[in-house]
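*Asks:* The structure follows.
The values are calculated or read from the model by the stated rules, or taken from the named source; none is laboratory data. The structure displayed is predicted, hence computed values, not measured ones. Backbone-built Cβ (ideal geometry, glycine too); neighbour counts: all protein chains shown. The accessibility values were calculated without ligands, DNA or RNA, using every heavy atom of the protein model including side chains. Shrake-Rupley method; radii C 1.70, N 1.55, O 1.52, S 1.80 Å.
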Amino acid sequence: MRTEIIRIDPKNIDSNKLAVAAEVIRNNGTVVFPTETVYGLGGSAYSDVACRKIYAAKGRPADNPLIVHIADTQDIFRVVSEDQDIPMEKLSKLWPAPLSVMLRKNRLVSDVCTAGLGTVVVRCPDNPIATELIRLSGVPIAAPSANLAGMPSIVDATDAILDLDGKVDVIIEGESPRYGLESTIIDLTSQPYRLMRPGAFTLEDLQYAFGQIVLQNTMEEVKVPLTPGMKYRHYSPKKVLYRADPDDLVELSRTDEGNKYAFLCSEETGNRVEGYKITLGKRGDLYTIAYNLFRSFRALDRSTKSMGIIETFPENGIGLAVMNRINKASVRFR
Ligand code: TXA
Ligand code: MG
């Protein structure tokens, strides 16, 4: 398939150019587009045909449902069941944001999109290109992260083109996502609400907005996965990645064995590491660490080193999501 690449200036959005992509969505085609978290691979959430194309392009198992994106909080009524209570006042205040919510779905949303589940995960992204694309399309857009299944999420248009050219109808090149890490997902069908996936919207902010949030088992391997996605290998570089505390990283770097590794580390740890480094940012600046995380996985794969070792971080703020992604992508060193 021929992929059309459309470059959009986020500061001066050309709606005529975006209309071309919107037309593709309306005709049940696929469009890769930027959001504030990571790039998404979108199609009409109302169309079985479009949703099947998304799974096919990603190589995603058919039992792992897609997040549905809307342009405005009010549009939640276009995807959610009529008998579902929705905390509209809170959502109107919080959205647009890197926060996705699970609710019972209505019949318009494709069963292919939700992998046959009775629920739908919805989010209102905080990115002007995404919002305008959804608005012009006139339908909610189903979009998983644009990476091929199992690979790190895509945070740069160049990687979107490398991985997806020829697999989708359109790739929109925009500004790199501000967070570089996927949205937080919460389950609003249970009381109290439950965290399903930590993400760019912090747990502290969630607790402030909603009160108690149940954390049960999200950080560990669970017997019954909270999201189908939890069953699958995730976010990983192709090469083997270990994780370790800063001091263990430094110690390893000073041994002969250390030559085999790329060291994915903070600036502070990097100053003590002897060897090949991929720098994530200042240790205290977890937003920058998050922003560089998936880039560092791709840099590892491009490097000449046969494996990598990444530093672990405190689990406060966005650090909870950073460590969730690191834990999924790596094995503990010794
Ligand atoms: O930031 C994000 O959320 C990005 C951007 C593109 O919006 N999207 C994203 O989608 O990360 P994806 O497909 O990579 O991750 C969605 C996760 C998967 O683990 C999936 O299993 C889960 O959400 N999920 C989606 N719908 C669900 C549902 N109805 N019930 C349970 N889990 C669901
Ligand atoms: Mg993903």
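*Asks:* Taking every DSSP beta bridge with both residues inside the chain, roughly what % is antiparallel (nearest 5)?
*Replies:* 35
*Asks:* Here's a follow-up. Express the C-alpha Rg of segment 240-332 as a ratio against the empirical globular expectation 2.2 N^0.38 Å, rounded to two decimals.
*Replies:* Here the answer is 0.96, to two decimals.
*Asks:* With a point put 7 Å past each Cα toward its Cβ, work out how far THR3 is from LEU215 in nm, to one decimal.
*Replies:* 3.8
*Asks:* Also, I was wondering about something else. Keeping all protein chains in position, work out how much accessible area LYS53 exposes to a 1.4 Å probe, and write it in Å² to the nearest 10.
*Replies:* Probe radius 1.4 Å; accessible area of LYS53 about 80 Å².
*Asks:* So how do ARG104, ARG123 rank on accessible area, 1.4 Å probe, biggest first, that is with the largest at the start?
*Replies:* ARG104, ARG123
*Asks:* Suppose each label sits 7 Å from its Cα in the direction of the beta carbon; what would the PHE77-LYS239 distance come out to in nanometres?
*Replies:* For the pair PHE77/LYS239, the computed spacing is 5.3 nm.
*Asks:* I'd like the per residue volume of the convex hull spanned by the Cα atoms of segment 120-219, given in cubic angstrom.
*Replies:* 131
*Asks:* Tell me the Kirkwood hydrodynamic radius of segment 251-292 in angstroms, computed as one over the mean inverse distance between distinct C-alpha pairs.
*Replies:* Result for segment 251-292, one decimal place: 10.5 Å.
*Asks:* Per residue of segment 177-193, in order, report the coupling 6.51 cos²θ - 1.76 cosθ + 1.60 (Karplus, θ = phi - 60°) as ³J(HN,Hα) in whole Hz, putting x for Gly and Pro.
*Replies:* For segment 177-193, the Karplus-derived couplings read x, 5, 8, x, 9, 5, 5, 7, 10, 10, 8, 9, 8, 10, 10, x, 4 Hz, x marking Gly and Pro.
*Asks:* Another question about this same structure. Using each residue's phi in segment 256-264, evaluate 6.51 cos²θ - 1.76 cosθ + 1.60 at θ = phi - 60° and report the 3J(HN,Hα) Karplus result to the nearest Hz, with x for Gly and Pro.
*Replies:* Here the 3J(HN,Hα) series is 4, 4, x, 4, 7, 9, 8, 9, 8 Hz.
*Asks:* Please give the solvent-accessible surface of VAL331 in Å², to the nearest 10, using a probe radius of 1.4 Å with every protein chain present.
*Replies:* 70
*Asks:* Let me ask something else. In whole percent, what relative contact order does the chain give with Cα contacts below 8 Å and a gap of six or more residues?
*Replies:* 20
*Asks:* Which number do you get for Rg(Cα) / (2.2 N^0.38 Å) in segment 16-139?
*Replies:* After normalising by residue count via 2.2 N^0.38 Å, the value is 0.99.
*Asks:* Can I ask one more? Taking the Cβ-Cβ separation of ALA62 and SER306 as r and a Förster radius of 41 Å, what is the calculated FRET efficiency to the nearest 0.05?
*Replies:* 0.75
*Asks:* Whole-Hz Karplus ³J(HN,Hα) for segment 80-86, in order, using 6.51 cos²θ - 1.76 cosθ + 1.60 and θ = phi - 60°, x for Gly and Pro?
*Replies:* For segment 80-86, the Karplus curve yields 9, 4, 4, 8, 8, 6, 10 Hz.
*Asks:* If you don't mind, another one. Once amide H atoms are placed 1.01 Å from N in the peptide plane, what residues at a sequence separation of 5 or more from LYS277, or on another chain, have their amide H within under 5 Å of its amide H?
*Replies:* PHE263
*Asks:* Over the Cα atoms of segment 4-215, what radius of gyration and what Dmax do you get, in Å?
*Replies:* Reported Rg and Dmax, both Å: 15.8, 46.
*Asks:* Lys and Arg at +1, Asp and Glu at -1: add these up for the other residues within a Cβ distance under 12 Å of TYR55 and post the number.
*Replies:* +3
*Asks:* Amide H to amide H under 5 Å from VAL240: which residues, 5+ apart in sequence or cross-chain, H placed 1.01 Å off N in plane?
*Replies:* Here the answer is GLY308, since their amide H atoms fall under 5 Å of that of VAL240.
*Asks:* Can you compute the charge dipole magnitude of segment 4-215 about its Cα centre, using +1 on each Lys and Arg Cβ and -1 on each Asp and Glu Cβ, nothing else charged? Give it in debye, rounded to the nearest 20.
*Replies:* 380
*Asks:* For segment 33-98, what is one quarter of the convex hull surface built on the Cα atoms, given in nm²?
*Replies:* Averaged projected hull area, Cα only: 5.4 nm².
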